[in-house]
């Protein structure tokens, strides 16, 4: 079916990633006519070459570590090797099931899908495959790409996460440029698979956007795992030959490895799509919007990785729902960026929501903030899992909890309660009164709030 009658759709969505497909599904649910334009596969980066495949690799990595460490638990296992073809088949089967489900969902909601790369040619029109699709509202959700540095060419042994997810062998050694979420997750996977890993990060810490206490603990655990890293030093160049890559740093150090993974973040995919020609403001490629995600041009909105801020699938998803509801006249509440949970799925995991201690002091004043760290050493389930870490709470004095920061195995699964605490502006006393199941790691959240409320049971005063 194509829009050849000249009638406009209520919404035309350009890009079928987390932001775009969420907007399309919610719009259709609200009774609006929706066209979804996608040049590759619905589901976008997250499903096909981002969150889902990396988490599948991380699960395989966890199994490798479990096999290696079985004796610690009295189980006689040994790791005899990593079959990357098998790992990739498992990863691809997970993606395949989710992709099929998503396609079915879109079909069942009577969303008109145009397969092809679209371009904005008027304030209400997207052209795709030579056909013009008109919408009373347009939502831009064209996503992001794996960025490189100026002059650093992605070729041969110099790869991004796109190529890293398709490797059919385990390299002997790898250098990772960038110690943020993507770099840290690949470092974790590869170390578990037996790779000699070195991270290069220009900022003073790994996972530099996290609370400093988490970053320092994360570095200690990575060091313990034998993952090498150079912090606070910039990359200056790389050469490659048949023997591998040869990386030089600005402090004169050099490192050699089989591969260089460039993990310096993701750039907005907005070039040559007609945005600027229609009067949309771009800043370093990002689409500038107001808090209601409107671009200030016509009825054009933007969602997801092209909007400055956290580049997270669940942020794009929430923004897609928000814009569909905005168009339908439901006047939804704007999304508070700091209230979006953030997880790094490495070993150890890092999960946080709300303000870091430094940010909270900046916002509320240094004297108006108190913090507490609850060590997972006091948590039964964490001891069973043989994990180390802690939960750090940041609160306004005599006020609500404004930040929850966690490190340890599986803490990503605890962030659901963490984001409720922060977003519902709970006081420690409110959370302390809730009953947490024993023995769970979730109980550590309860204990941390008990301690912050002044009645710690499993921690020293």
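The values are calculated or read from the model by the stated rules, or taken from the named source; none is laboratory data. What you are looking at is a predicted structure, and each value in this text was computed from that prediction instead of being measured. FYI the Cβ positions are ideal-geometry reconstructions off the backbone, even for glycines, and counts take in every protein chain you see.
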Among the numbered conditions (1) crowded, with 20+ Cβ neighbours inside 10 Å; (2) closer than 18 Å to residue 54 by Cβ; (3) over 21 Å from the mean Cα position of the chain (by Cα), tell me where residue 186 comes up short.
(3)
Residue that is modelled with pLDDT of 95 or more, in contact with a helix residue (DSSP H, G or I) (Cβ under 9 Å, 6 or more places away or on another chain) and in a loop (DSSP other than H, G, I, E, B), where the choices are 438, 449
438
Of all residues in region 268-305 being under 21 Å from residue 150 (Cβ atoms) and touching a helix residue (DSSP H, G or I) at 6+ places or on another chain (Cβ under 9 Å), which is surrounded by the most Cβ atoms within 10 Å (Cβ to Cβ)?
305
Pairs please, first residue from region 426-437 and under 10 Å from residue 449 (Cα atoms), second anywhere and part of a helix (DSSP H, G or I), Cβ atoms under 6 Å, 6+ apart in sequence or on different chains.
428/449; 428/452; 431/421; 431/449; 432/449; 432/450
Just need a number here: residues in region 69-99 that are part of a helix (DSSP H, G or I) and over 28 Å from the mean Cα position of the chain (by Cα).
4
Residues (surrounded by fewer than 19 Cβ atoms within 10 Å (Cβ to Cβ) and either touching a helix residue (DSSP H, G or I) at 6+ places or on another chain (Cβ under 6 Å) or at positive phi (or both)) located in region 418-433
423, 425
